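The structure appears right after this line, and notes come after that.
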Amino acid sequence: MTTSARTLLLLRHAKSDYPAGSPDHERPLANRGIREAKLAGDWLRANAPGIDLVLCSTATRTRQTLQRTGITAPVDYRDGLYDAVPGAVIAEINGVTDDVHTLLVVGHEPAMSRVALGLAGPGSHATVAQQISAKYPTSGIAVLRIEGSWRALELGGATLTDFHVPR
């Protein structure tokens, strides 16, 4: 059976605020983050295939980022994406069903950069990987192409094609 190409979008949450006494999980977006999350949504709608599903960390700043993007795809909020190691993020992706062709994951650093670079296999754009290695700023979006099922995705199993930082 031939499986169509899939698109994985890794969005780091937008710039967050640091209110006194607020636990890390509850930190909201800063004013800059509110603006940049909207720009991220605009870029995704203009440059990525239609999003079929979103996996989003349960942290306040990731939820607010997703809301401000205006993306209206179904959302699964996952505790496992908060403070996650790359293997945990990939495990969440591996659980996605194959009727999903474009998946958006909204998460945190350092997991987003490590997942993007870890999945990048043959054919990945070296300059894109260098950008991500140098810095994966808030609202950064990595775009990866996957041949095959989500369940089979493993390290080196994708092609890193683009990286955009909406400003």
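Given the condition within 19 Å of H13 (Cβ to Cβ) and β-branched (V, I, T), answer yes or no: does some residue in the stretch 77-89 qualify?
Our first condition is that a residue be within 19 Å of H13 (Cβ to Cβ); within the stretch 77-89, this holds for 77-86, 88-89.
If we keep only those that are β-branched (V, I, T) too, we end up with 85, 89.
Yes, because at least one residue in the stretch 77-89 is within 19 Å of H13 (Cβ to Cβ) and β-branched (V, I, T).
Which ones in the stretch 125-167 are in a loop (DSSP other than H, G, I, E, B), open to solvent by 20 Å² or more (accessible area, probe 1.4 Å), closer than 22 Å to A5 by Cα and among the hydrophobic types (A, V, I, L, M, F, W, C)?
Within the stretch 125-167, A152, L155 qualify.
Checking A48 against (1) of a type in the set (A, V, I, L, M, F, W, C); (2) touching a Phe, Trp or Tyr at 6+ places or on another chain (Cβ under 9 Å); (3) more than 14 Å from H13 (Cα to Cα), which single condition isn't satisfied?
It fails just one condition, (2).
Kindly provide the set of residues from the stretch 1-18 that are open to solvent by 50 Å² or more (accessible area, probe 1.4 Å) and over 24 Å from P49 (Cα atoms), ordered by number.
Listed by number, the residues that qualify are K15, D17, Y18.
For the subset of the stretch 7-26 comprising residues that are within 20 Å of the chain's Cα centre (by Cα) and of a type in the set (S, T, N, Q), which member is farthest from Y136 (Cα to Cα)?
Ranking the candidates gives T7 first.
If I ask for residues that are hydroxyl-bearing (S, T, Y) and touching a Leu at 6+ places or on another chain (Cβ under 6 Å), which ones from the stretch 35-90 would you list?
S57
Out of T65, T3, report the one residue that is within 30 Å of G148 (Cβ to Cβ) and either out of contact with any strand residue (DSSP E or B) (no Cβ under 8 Å at 6 or more places or on another chain) or modelled with pLDDT of 95 or more (or both). Full working, then the answer.
Working: T3 fails: either out of contact with any strand residue (DSSP E or B) (no Cβ under 8 Å at 6 or more places or on another chain) or modelled with pLDDT of 95 or more (or both).
Result: T65 is the single residue among T65, T3 that is within 30 Å of G148 (Cβ to Cβ) and either out of contact with any strand residue (DSSP E or B) (no Cβ under 8 Å at 6 or more places or on another chain) or modelled with pLDDT of 95 or more (or both).
Hey, V89 hits all of (1) crowded, with 21+ Cβ neighbours inside 10 Å; (2) out of contact with any strand residue (DSSP E or B) (no Cβ under 7 Å at 6 or more places or on another chain); (3) free of Cβ contacts under 8 Å to residues at least 60 places away in the same chain but one; which does it fall short on?
Exception for V89: condition (2).
Tally time: how many residues in the stretch 25-43 are touching a Phe, Trp or Tyr at 6+ places or on another chain (Cβ under 9 Å) and in contact (Cβ under 8 Å) with a residue 24 or more places away in the chain?
At the first step, the residues of the stretch 25-43 found to be touching a Phe, Trp or Tyr at 6+ places or on another chain (Cβ under 9 Å) are 25, 27, 30.
The next check asks that each one be in contact (Cβ under 8 Å) with a residue 24 or more places away in the chain; those that pass are 25, 27.
Qualifying residue count for the region: 2.
Could you list, in sequence order, all residues of the stretch 92-113 that are in contact with a Phe, Trp or Tyr (Cβ under 9 Å, 6 or more places away or on another chain) and open to solvent by 30 Å² or more (accessible area, probe 1.4 Å)? Spell out the reasoning first.
Step one: filter the stretch 92-113 for residues in contact with a Phe, Trp or Tyr (Cβ under 9 Å, 6 or more places away or on another chain), giving 93-98, 100, 103, 107-110, 112-113.
If the condition is that a residue be in contact with a Phe, Trp or Tyr (Cβ under 9 Å, 6 or more places away or on another chain) and open to solvent by 30 Å² or more (accessible area, probe 1.4 Å), then N94, G95, T97, D98, E109, P110 are the ones that fit.
Is one or more of the residues making up the stretch 141-148 on the phi < 0 side of the Ramachandran plot and more than 15 Å from the chain's Cα centre (by Cα)?
Step one: of the stretch 141-148, the residues on the phi < 0 side of the Ramachandran plot are 141-147.
So of that shortlist, the ones also more than 15 Å from the chain's Cα centre (by Cα) come out as 147.
For the stretch 141-148, residues on the phi < 0 side of the Ramachandran plot and more than 15 Å from the chain's Cα centre (by Cα): present.
The values are calculated or read from the model by the stated rules, or taken from the named source; none is laboratory data. Remember, predicted model here, so these are calculated numbers, not experimental data. So basically every Cβ, Gly included, is an ideal-geometry build from the backbone, and we count neighbours across all protein chains shown. What goes into the accessible areas is simple: the full protein's heavy atoms, side chains included, and nothing from ligands, DNA or RNA. Shrake-Rupley method; radii C 1.70, N 1.55, O 1.52, S 1.80 Å.
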